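Remarks on the structure that follows.
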Amino acid sequence: MPQIIRPDASTTRTQATGSPLPAVVGQTTMSGCMDEPHPAGADYTECGLGSVGDVLVVGLGNPSPTPGHDFNHIIRVNGSKSASGGSAVGLVCELRQGYDSETENQANSATLDEALDDSETVVTVTDGTQFAANDVIRINGEKMLVTLIAANDLTVTRGVGGSAAREHATGSTITVDDRGLLIASFVCSNLSDVVNDSFYRYRLTTTEAALITDYTDLQLRFLSTNARSGAPRSCRLHWAELQLPTTGEVGVDSNLTALEFQRSLRGESITQPSIDRTVTPSSSRI
């Protein structure tokens, strides 16, 4: 049987410039609004009226046991808009690892303590205490995922987040992306004002799922979108969950067609509409 993990900790509520703070309705926390077993919950977190770029982030519960392979990772989301008609609204939905805040380039006092070629995976810095496992660091535009720290040596995965591995000089500045590592991103467009048991579903590619190195540190990050044509409407987020395989689950999803299975092996996107809604992979890789 697959595992289902849902929001269990409200990490942050932020806002776009000029919009009010997103409001929690029917519960005291965002995670409380979103952790029901059914998608048609009456409680929700609501973004500002007509807002664009409001950010909602929730931490996910910990799976037990940790999945044994990269198949069968599925995100499900249910959202709505505040009233019928008016402006079209939607959500950009992201699965992230190691999210801490919305600070993209957090400065620190450490610098690169060696010349780095484009293939080395152990990075020596002047002060290893400035970093933590799951940090996403940036050196001259390249992003790296920190997986292990030993004194001033950081073991990293190079060129993550759509960046490319490159050479770096001794003394290069290092910043930390407090938003963590982007695992997958997709768009839920044209939210309806009707809340029912339909939802948006996105299946991670095996390439995306393989980016996950710590299942105890996963977050869902949502950004509101708004066409700003017609009467303003606000975006409401009702429910979300992540389905994971169990250790004993077979590596092939029996629900996939032969064509979908071949696409998954190539690391291509497989999106499946649920009852009546579809999602598309997001072109935003931030």
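Every number in this text was worked out from the coordinates using simple rules, so none of it is lab data. The model shown is predicted, which means the values in this text are computed figures rather than measured ones. Here Cβ is always computed from backbone atoms with ideal geometry, including for glycine, and neighbour counts include all displayed protein chains.
Placing dummy labels 7 Å off each Cα toward the beta-carbon, the span from ASP193 to ALA227 is 1.5 nm. Zone of THR124 (label point 7 Å along Cα→Cβ, backbone N under 16 Å): which residues in region 138-159? Residues 150-156 fall inside that zone. Local charge for SER119 was computed over the other residues whose Cβ lies under 11 Å away, with Lys and Arg +1 and Asp and Glu -1, and equals -2.
Express in nm, to one decimal, how much length is gained between GLU167 and ASP8 on full extension, taking 0.36 nm for each residue of separation and deducting their alpha carbon distance.
Numbers: separation 159, 0.36 × 159 = 57.24 nm, distance 4.03 nm.
Result: 53.2 nm gained on full extension.
A simple spin-label model places pseudo-atoms 7 Å from Cα toward Cβ; at ALA132 and ALA23 they are separated by 3.3 nm. For region 106-177, the average shadow cast by the Cα convex hull is 3.8 nm², which is a quarter of the hull's surface.
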